[in-house]
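The values are calculated or read from the model by the stated rules, or taken from the named source; none is laboratory data. All of these numbers come straight from a predicted model, not from anything done at the bench. Quick reminder, even Gly has a Cβ in these numbers, built from the backbone with ideal geometry, and neighbours come from all protein chains shown.
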Amino acid sequence: MKSVSIIGAGVVGQAVGRILREKGYEIKGVVARSIAKAEVAAAFIGAGEPGIDPVGGASGADWILITTPDKAIKETCGRIARGNGFGKGSLAIHMSGALGSNVLDSARKAGARALSIHPIQSLASSEQAVKNLPGSYFSVEGDAEAIADGREIVEALGGLLVMIPGEKKALYHAGAAVASNYLVAALDFAVMIYEALGMRRDEAVKAIMPLVRGTVNNVERVGVPDALTGPIARGDVETVAGHIEALEKYLPDMLPLYKALGRHTVKVGLAKGSLKKEDAGRLIEILD
């Protein structure tokens, strides 16, 4: 079994460390900005020597997971490399969705291999992350001679691997942001509309959740675009016009967002085949 050090023991580092420890991997260093945070992380993981020195924490490990915030990954990797913390043939890994493995070039120069591994998953807390990571897809990008290790890590985490080219990492991350972050923003828009009706925010969230779950279930079951329902999917121009009129009156600042989402929904409706071209044209006219 490989030995693992966690450099940057936040939500991702703690969750990954715990799962790997439970799968039998040896956890060596657990490094955080303060010894108190490192001790808390090591306790959550259930193993590892807490510390604040990335070089000492990384030394001797087969896999060095740099799970710091994105802006600190390159600097942290460089610090470990300058301190000879990477053993020859060891593997430097970061788990950022936005950055490629090129930010680990200092590890490569020090004789290590490098990978970027990122779960297509929302991780709000360490406890929830331990539950959410198994079954998730993980993007892997980096050195060809390290892909076998990447596959082993993803399998140990209970995930499914998808390879992506390094030069398209930002595009990959944009897809994840739209699926997760923009979904939250779109739901906030829906909640704002219900608040305009006089509902409390917490009440509005509870009211829309069965609909949201049903929609997500439909997407999983039949895919996109077939999961699309509603007035645009069936070409109900009058209903959409009514939405626009109501938003102009009660939430005018949100109208551009409704129209932008509506224009893309027209494309989805056409792809589904439920929206006639003439109705699509009329919808685009009022959405423009």
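Below, the figures for the structure above:
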item	result
Output for the range 29-73, where each listed residue is within 25 Å of the chain's Cα centre (by Cα) and acidic (Asp, Glu)	70
The range 82-100, subset within 18 Å of residue 145 (Cβ to Cβ), of a type in the set (Gly, Ala, Ser) and touching a helix residue (DSSP H, G or I) at 6+ places or on another chain (Cβ under 6 Å), residue surrounded by the fewest Cβ atoms within 10 Å (Cβ to Cβ)	100
Answer residue from the range 105-130, given it is of a type in the set (D, E, K, R), assigned to a helix (DSSP H, G or I) and under 21 Å from residue 147 (Cα atoms) and is farthest from the chain's Cα centre (by Cα) among those	109
Residues of the range 258-288 classified as charged (D, E, K, R), closer than 13 Å to residue 236 by Cα and touching a helix residue (DSSP H, G or I) at 6+ places or on another chain (Cβ under 8 Å), total	3
Some residue of the range 10-28 being more than 24 Å from the chain's Cα centre (by Cα) and among the polar types (S, T, N, Q)	no
Hey, residue 242 farther than 22 Å from residue 194 by Cβ and either out of contact with any Gly (no Cβ under 6 Å at 6 or more places or on another chain) or not polar (S, T, N, Q) (or both) or not	no
Test: residue in the range 77-84 that is out of contact with any Lys or Arg (no Cβ under 9 Å at 6 or more places or on another chain) and within 21 Å of residue 140 (Cα to Cα)	yes
Test set (1) farther than 30 Å from residue 136 by Cβ; (2) loosely packed, with under 14 Cβ neighbours inside 10 Å - residue 279 fails condition number	(2)
The range 193-202 - residue that is outside any helix (DSSP H, G or I) and on the phi < 0 side of the Ramachandran plot and, of those, surrounded by the most Cβ atoms within 10 Å (Cβ to Cβ)	199
Criterion (of a type in the set (Lys, Arg), closer than 20 Å to residue 180 by Cα and either assigned to a loop (DSSP other than H, G, I, E, B) or assigned by TED's automatic domain parsing to the domain that holds residue 179 (or both)) met by exactly one of 263, 282, 213	213
Candidate set from the range 131-153 (those that are part of a helix (DSSP H, G or I) and of a type in the set (D, E, K, R)); member that is farthest from residue 9 (Cα to Cα)	145
Options 205, 237, 224: the member that is touching a residue at least 12 places away in the same chain (Cβ under 8 Å) and surrounded by fewer than 14 Cβ atoms within 10 Å (Cβ to Cβ)	224
Any pair with Cβ under 6 angstrom, 6 or more apart, that starts in the range 161-182 at a residue that is part of a helix (DSSP H, G or I) and ends at one that is loosely packed, with under 13 Cβ neighbours inside 10 Å and acidic (Asp, Glu)	none
Filter result (in contact with a helix residue (DSSP H, G or I) (Cβ under 7 Å, 6 or more places away or on another chain), at pLDDT 95 or above and assigned to a loop (DSSP other than H, G, I, E, B)) within the range 9-24	23
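Quick grid of which residues meet (1) in the same structural domain as residue 86 (by TED's automatic domain parsing); (2) farther than 27 Å from residue 105 by Cβ; (3) not in a loop (DSSP other than H, G, I, E, B):
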position: 36; (1), (2), (3): yes, yes, yes
position: 40; (1), (2), (3): yes, yes, yes
position: 47; (1), (2), (3): yes, yes, no
position: 56; (1), (2), (3): yes, no, yes
position: 60; (1), (2), (3): yes, no, no
position: 65; (1), (2), (3): yes, no, yes
position: 68; (1), (2), (3): yes, no, no
